[in-house]
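The values are calculated or read from the model by the stated rules, or taken from the named source; none is laboratory data. Everything numeric in this text was worked out from a predicted model, so none of it was measured. Cβ placement follows ideal geometry from the backbone for every residue including glycine, while neighbour counts extend to all protein chains displayed. Remember, those area values only see protein heavy atoms, side chains included, never the ligands or the DNA or RNA. Shrake-Rupley method; radii C 1.70, N 1.55, O 1.52, S 1.80 Å.
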Amino acid sequence: MTLVIAERTDKEVSFSADTRISFGNQGHFDKAIKIFSVPFKLKGPAKTREDFDKFEFEYNYGMAVIGSAINAYTVKDSIVEVLPNITYLTNLSDFSIPSIGKLVFDSYVEISKEIASSLRGAGLCEILLGGFCLKQGRIRVLHFYPKIGKENTEYYLDEILLTNKMRFFGSGKELAKQIYENDKSLNPFQIIKKVINTKSEKTVGGNIQSGTFYGKEFSINGVLEKIVDKKGNTIETNKYRRGFKIRDEIKSAKNPPYLFIRYGYKPYEFVQDDSEE
């Protein structure tokens, strides 16, 4: 499964995750993409032919997936299809994030029910969806999730992170909570790194991926990791993009076809214990 941490602070709202997908006893894959930037486009009723191609608002929303990869990626594709194609009908239309979330919630439920009918609990997933809310003028985050009962599985849509807070999701959430309770100075990157390094939660692993709301827009970050010892001496530094370790982008661009992938990198420092060397 996974570990996803969603956090709201005075400065930003962010999603962070590991990069592992597990396949039961068959092993795992450590380059999974779990955090996405999703285009949102809103237009009003077209009064002329030219209005068909005009959008009144365009933002990038943020999304994180948790649980069954088959379910999560199918829901993700459905959301990616819906969000750039929203039209309001009147001045009374509700542009809020919860109302927009309801447009894709039905797809989440329908897809989850069908996949779960074959895979049962192993086919369930959770979705985090956040974006700039035109109604409140701030970033708001929604949580789509199932609850398994004795007779039926029910599906819910809640708003989370109403105030500054850190929330944990996925199979590694209990260990992450415990680590955070022991040291509340830790940021999401440091918590995920500690969970990975313990190796006690086999479904959490690989590296760290991240996305952050900068103003109204959600952007995917690379991760700049600095490993230090307890005295503050640097042991190693690493750059990761979507779980891939990056060597030297600029050097590679000096050769044909003279291209490189431009990313912003979010730094963090991790103090490595002797047991983690």
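Quick notes
- Using θ = phi - 60° and Karplus 6.51 cos²θ - 1.76 cosθ + 1.60, couplings along the stretch 28-37 (whole Hz; Gly, Pro as x): 8, 10, 10, 10, 6, 8, 10, 10, 9, 9
- Percent antiparallel among DSSP beta bridges (both partners in the stretch 153-277, rounded to 5): 65
- Cα shape, the stretch 49-184, gyration tensor, a/c 1.5 rule: oblate
- Amide H contacts of Gly222 (H built 1.01 Å from N, in plane; Pro and chain starts excluded): Gly264, Tyr265, Lys266 sit under 5 Å, all sequence-distant by 5 or more or on other chains.
- Kyte-Doolittle at least -1.0, axis length at least 18 Å by Cα - qualifying DSSP helices, the chain: 69-82, 97-119
- Reciprocal mean inverse distance between Cα atoms of the chain - Kirkwood radius, Å: 20.2
- Part-to-part distance (alpha-carbon centres) for the stretch 87-140 and the stretch 28-54, which is given in Å: 14
- Antiparallel DSSP beta bridges within the chain, percent to nearest 5: 85
- The charge dipole of the chain, taken about the Cα centre with unit charges on the Cβ atoms of Lys, Arg (+1) and Asp, Glu (-1), comes to about 420 debye, rounded to the nearest 20.
- In plain terms, the chain from Phe23 to Val80 could stretch by 18.0 nm, reckoned as 0.36 nm per residue minus the Cα-Cα distance.
- Cα gyration tensor, the stretch 1-116 - rounded (a/c under 1.5), prolate or oblate: prolate
- The chymotrypsin sites (Phe, Trp or Tyr not before Pro) found in the stretch 196-261 that occupy coil by DSSP, while having at most 11 further C-beta atoms within 10 Å, are Tyr258.
- Sulfur and carbon atoms: percent of accessible area, the chain [1.4 Å]: 49
- Whole-Hz ³J(HN,Hα) from phi, Karplus 6.51 cos²θ - 1.76 cosθ + 1.60, for the stretch 226-238, glycine and proline x: 10, 9, 10, 8, 5, 8, x, 6, 6, 8, 6, 10, 9
- Per residue accessible area in Å² of the chain, where ligands, DNA and RNA are left out and the probe is 1.4 Å: 55
- Segment Glu12-Ala122, extension gain: residue separation times 0.36 nm, minus the distance between their alpha carbons: 36.3 nm
- The chain - mean residue ellipticity at 222 nm from DSSP helices (-39,500 (n - 2.57) per run, n ≥ 4, rounded to 500): -7000 deg cm²/dmol
- Residues Leu162 and Val271, FRET efficiency given R0 of 25 Å [Cβ-Cβ distance, rounded to 0.05]: 0.20
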